[in-house]
Amino acid sequence: MSEAVARILRDAFRRYYQSHAVPAPPSVEKREFGVGDYGRKIVRRHISFVSEREFRRYLREHAPLYISYSIAYFKKPDAQPMEAKGIEGADMIFEFDADELGLFSPNDLWHCPNCGSRGVVGELRGFRAGVCPNCGDPAKIIMFPDPGREERLKEEVDTLVKDFLMGDFGISRTEISLNFSGNRGYHIHVRSPSLRELDKEARQEIVDYVTGRGIDVRYFFDVSRVPPRGPKPTDGGWKGRVARKLVEILSGAKDASELVRFGVSPALARRIMRERGHVVELIKKGVWPFIDTKADDAFASVSALVRSISPYMGKEIDTNTSVDIHRLIRVPDTIHGGTGLLAKRIRDLWSFDPYRDAVALPERPYLNLHVEYIPEFEFAGEVWGPLEDKNVELPLHVSVYLLSKGVASWRLTTQG
Ligand SMILES: [Zn+2]
């Protein structure tokens with residue numbers, strides 16, 4: 001994008017903030033803010049506001065392309081250096097990003113920064129996510145709106161909120177703020193007083209619990225009994241979750257490969273499948289006959305199952321976001337300067353459609369773009385594409401979205 005596009009964006013952002021009263025984050029006077037401009041998410045930080053009124057005035061007057069706030073609460077949020085701010089605690093953030101979770105769709109594009117090849121994910125049979133089929137280097141995925149992917153993401157977000165945060169940790173729904181990230185995922189802000197004063201190590205333990213990394217499954221079982229006893233579907237926490245999932249998989253599985261997909265070793269999977277009806281009945285009673293012999297294999301399989309059914313699906317995600325108490329995160333209900341989408345606060349997760357409900361920019365002005373390639377997708381209530389190597393005039397909202405993905409370039413502005 002160019003400076004000319006940046007100017008159009010700043011105008012559109014200003015008009016948006018002049019007509020929308022964005023709620024300030026709770027305890028606004030204790031938060032540090034950072035703002036960004038064209039292509040740079042943070043150019044200035046250590047900003048603070050004494051009230052929501054002042055925060056809103058800043059948005060109206062400056063219309064920053066990015067605005068983030070500290071998850072931490074400070075005595076003096078604008079003081080420098082960091083140590084002078086006087087930290088009083090911090091919220092906890094969980095991030096879900098479709099890219100990090102490997103939720104690719106056949107419509108997505110891949111491109112390789114190393115050798116320059118690119119293509120459509122669905123046209124490659126056996127495309128290995130993240131690997132360039134030409135040179136084997138890491139490939140980047142360019143994602144387009146896909147309702148199926150949104151559903152998958154929402155399932156994981158919902159599991160984290162309902163089963164883990166509310167269920168296992170007993171956090172009230174009113175202390176959880178659920179937001180679209182403004183790009184490819186969701187941010188869950190936990191503002192519970194019970195978490196506020198936790199240090200890095202305690203936060204890491206929570207993350208390890210949620211991802212299943214910190215779960216020692218040997219404590220699930222009593223192998224001194226014959227046959228061994230283990231989790232029942234009615235148990236709380238991870239134990240019940242594992243038992244329920246195994247019963248669910250076994251009840252629907254056609255062959256052993258479906259267990260293997262969840263991390264169970266092939267040998268154990270075949271053994272379980274041979275007597276699966278019987279095994280299901282026993283697990284419902286908390287009896288785990290296959291834990292007796294080759295127990296290491298069985299424990300490793302249950303560990304792998306735990307990780308693969310966690311909300312992060314066993315992916316090596318960057319959990320630093322959840323652990324780092326000094327981080328700034330996009331202010332909910334403000335516009336993401338890269339995509340033009342709102343980091344919208346979500347009331348009902350299941351009816352929320354980011355590409356309809358979080359579109360913040362207007363149609364006008366139209367921009368003249370050269371589109372390299374886009375698949376067919378829905379955005380702002382209309383269907384766009386497919387287009388390949390075409391010059392087109394498109395509304396501002398979808399233009400900015402395509403420019404942010406690097407699949408289109410700006411040619412010349414027509415004020416419409
Ligand atoms: Zn390559």
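Basic side chains Lys and Arg get +1 at the Cβ, acidic Asp and Glu get -1 at the Cβ, and with that the dipole of the range 366-414 about its Cα centre reaches some 200 debye.
Excluding same-chain neighbours fewer than eight residues apart, the aspartates and glutamates reachable from residue 254 by a Cα-Cα span under 15 Å are 275. Think of the range 223-353 as a dipole: +1 on every Lys or Arg Cβ, -1 on every Asp or Glu Cβ, centred on the Cα centre; then among 321, 260, 226, 226 lies furthest on the positive end. Taking the accessible area of the range 1-119, probe 1.4 Å, and keeping the other protein chains in place, the carbon and sulfur fraction comes to 46%. Heavy-atom surface analysis with a 1.4 Å probe gives the range 217-308 a carbon and sulfur content of 53 percent of its accessible area. In the elastic network of the chain, a GNM with C-alpha springs shorter than 10 Å, the most mobile of 340, 102, 136 is 136.
Across the chain, C-alpha contacts under 8 Å between residues 6 or more apart give a mean separation that, scaled by the residue count, equals a relative contact order of 17 percent.
Largest GNM mean-square fluctuation across 120, 43, 35, computed for the chain with C-alpha springs under 10 Å, falls on 43. Only the Cβ atoms of Lys and Arg (+1) and of Asp and Glu (-1) were treated as charged; on that basis the dipole of the chain about its Cα centre amounts to roughly 480 debye. Taking every protein chain into account, the accessible area of the chain amounts to 46 square angstrom per residue (probe 1.4 Å). Computed over the range 366-414, the P(r) tail beyond 13 angstrom holds 50 percent of alpha carbon pairs.
Spatial offset of the range 375-393 relative to the range 155-223 amounts to 38 Å, using the alpha carbon center of each. When the Cα positions of 117, 164, 132 are compared along the charge dipole of the range 107-187, 117 comes out farthest toward the positive end, with charges on each C-beta of Lys, Arg, Asp and Glu. The range 324-353 and the range 230-273 have their alpha-carbon centroids 36 Å apart. Note on the range 125-229: with charges restricted to the Cβ of Lys and Arg (+1) and Asp and Glu (-1), its dipole about the Cα centre is near 280 debye. Computed with every protein chain present, the accessible area of residue 66 is close to 20 Å² [probe 1.4 Å]. Remark: for residue pairs 162/239; 245/285; 41/405; 30/162; 30/85, the C-alpha separation exceeds 20 Å in 30/162. Atom-type composition of the exposed protein surface of the range 338-411 places 42 percent of the accessible area on carbon and sulfur (1.4 angstrom probe).
The values are calculated or read from the model by the stated rules, or taken from the named source; none is laboratory data. Just so we're clear, the structure is a prediction, and the values are computed from it rather than from any experiment. Please note: Cβ atoms are built from the backbone with ideal geometry, for glycine as well, and neighbour counts cover all protein chains shown. To get the accessible areas, we keep the full protein, side chains included, count just its heavy atoms, and leave off ligands, DNA and RNA. Shrake-Rupley method; radii C 1.70, N 1.55, O 1.52, S 1.80 Å.
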